[in-house]
Amino acid sequence: MFGTVRPRPCSLPDVERQRYRRLYCGTCKGLGSHFGTHTRPILSYDAVLLAAVVDGLTDEPAEDASCRCPLNPLAFRPTLDHDSTPMRMAASVQLALADEWLADHAADGTALWNTLRLALPRGSVDLELRTLGVDAPLQGLSERQNRVERPGVTTPAEAAEPTAVVLEHLFGGLVDLEDVASPLVVERRRLRRMGRALGTCIYLLDALEDLQRDARNGTFNPCLRADHGNYLPCSDRVRETEALLLAASEQLGADVAALPWRRNRALLEHAIGDALPSRIAGAVAAARSASSAPAVNALVHQRRLPVLQRWWMSATAALAAMWRIVSNTDPSGHKKRRGNNTPDCSACDCSGCCDPCCRSDGPDGCDGCDVCSGCDGCGGCDCSC
């Protein structure tokens, strides 16, 4: 959950927009208060959406509060009480999923991600989730996802299943939270269905938006097909992903409309019913273009190069460009004439020609002049090598 589902604040009524800002800053404050200030940068829009869901299900709204903004210490931001159930729940789930995201990247062999994981208070997260009564299978999500993902074999529906299952259990367990309205217990099945649809949307939308980048880097994406050791965007898989996304989005919108929210209804209906379908349409259009354009397909399957090799290639290209500027030469190595971009072929004796265009395929680098322009008073050009 890293920013897939978010509203457009400018399209919200003033009351809902202020409520969303309180949810956003309250979740940020909750991360810092319960798990340390260094965890606040991992805040995402999807965690704020979860906070809005939990807040909308509770009998009593979280109390208003304020905190000093870490990005602007001179400003105080309106928040919700960071000790309230919605803020604790959102912060804990965000940190647990961030740990799984880092574990997934660490499985690729980069030691940096394991180092970053050490900075996360995973023990505190587990304790907080148990205190809240959350028993969703958040731990080990990255391992389950890696077992499912087989390049060129796993279908979009199979690839989205681990994320869908985790959010299905998570949303189904929301009715067991201490402050959630007791009549909502009968809505457990609908909440589970909503969580499953949300998990499917998050995974598949991310797959469409990262399609070209994953093809370039050679990383797994359910919309790629194997082609002689390379992975290219597949139009059939893009269409399958589009159908799954549309079905999940419709189910998500229907469940949000049917649930008896205590508050935040307009905010959730806008984020899920308006902003999400618009983003899906944009991702589908980009993926269709990538899977149908031969020129793009010829480029996107290049493998990821080692970091040092990529740095060396970039540095070499930069040095070559600087040398051409200093030495006043073009990319082919010819020295440029002052005032124009034509080569200066010293082997060509063009008497009276002010702007010769030399062909460089003959002996001594010149084979006569194709065009002689700007000759004044020579009665024609006699260009010979």
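The values are calculated or read from the model by the stated rules, or taken from the named source; none is laboratory data. Keep in mind that what you see is a predicted model, and the values were worked out from it rather than measured. Because the Cβ atoms are built from the backbone with ideal geometry, glycine has one as well, and the counts that use them run over all protein chains shown.
Which of the following residues is surrounded by 15 or more Cβ atoms within 10 Å (Cβ to Cβ), assigned by TED's automatic domain parsing to the domain that holds ALA226, outside any helix (DSSP H, G or I) and modelled with pLDDT of 55 or more: ARG262, ARG288?
ARG262
Against the definition (over 22 Å from the mean Cα position of the chain (by Cα), among the aliphatic types (A, V, I, L, M) and under 17 Å from VAL53 (Cβ atoms)), how does ALA164 come out, yes or no?
Values: over 22 Å from the mean Cα position of the chain (by Cα): no; among the aliphatic types (A, V, I, L, M): yes; under 17 Å from VAL53 (Cβ atoms): yes.
In short, no.
Considering each residue of the stretch 218-231, count those that are within 24 Å of THR4 (Cα to Cα) and either surrounded by 16 or more Cβ atoms within 10 Å (Cβ to Cβ) or not polar (S, T, N, Q) (or both), and give that number. So that I can check it myself, show each step before the final result.
Filtering the stretch 218-231 for residues within 24 Å of THR4 (Cα to Cα) gives 218-224.
Right, trim to either surrounded by 16 or more Cβ atoms within 10 Å (Cβ to Cβ) or not polar (S, T, N, Q) (or both) and you get 218, 220-224.
Selection size over the stretch 218-231: 6.
Would the stretch 97-106 turn up any residue that is surrounded by fewer than 17 Cβ atoms within 10 Å (Cβ to Cβ), more than 29 Å from ASP55 (Cβ to Cβ) and aliphatic (A, V, I, L, M)?
No, the conditions are met nowhere in the stretch 97-106.
If I ask for residues that are in contact with a His (Cβ under 8 Å, 6 or more places away or on another chain) and either among the acidic types (Asp, Glu) or part of a helix (DSSP H, G or I) (or both), which ones from the stretch 1-31 would you list? Step through it out loud before you land on a result.
We begin by selecting, within the stretch 1-31, every residue in contact with a His (Cβ under 8 Å, 6 or more places away or on another chain); these are 7-8, 11-12, 16, 26, 29-30.
Within the stretch 1-31, SER11, GLU16, GLY26, LYS29, GLY30 qualify.
Checking ALA47 against (1) touching a strand residue (DSSP E or B) at 6+ places or on another chain (Cβ under 9 Å); (2) under 29 Å from ALA266 (Cα atoms), which single condition isn't satisfied?
Single failed check for ALA47: (1).
Test of understanding: among ARG147, ARG190, ARG130, which residue is of a type in the set (D, E, K, R) and touching an Asp or Glu at 6+ places or on another chain (Cβ under 8 Å)?
That would be ARG190, the only listed residue that is of a type in the set (D, E, K, R) and touching an Asp or Glu at 6+ places or on another chain (Cβ under 8 Å).
From ALA65, ALA90, ALA47, which residue is of a type in the set (A, V, I, L, M), surrounded by 15 or more Cβ atoms within 10 Å (Cβ to Cβ) and not in a helix (DSSP H, G or I)? Quick ask: steps written out before the conclusion?
Numbers: ALA90 fails: not in a helix (DSSP H, G or I); ALA47 fails: not in a helix (DSSP H, G or I).
Within the list ALA65, ALA90, ALA47, the selection yields ALA65.
Within the set of pairs 6 or more residues apart or between chains, which connect a residue that is in the same structural domain as ARG122 (by TED's automatic domain parsing) and aliphatic (A, V, I, L, M) inside the stretch 69-98 to a residue that is in a loop (DSSP other than H, G, I, E, B) and buried (at least 22 other Cβ atoms within 10 Å of the Cβ) with Cβ atoms less than 7 Å apart?
Going by the 7 Å Cβ cut-off, the qualifying pairs are LEU80/ALA62; MET87/ALA62; LEU97/MET1.
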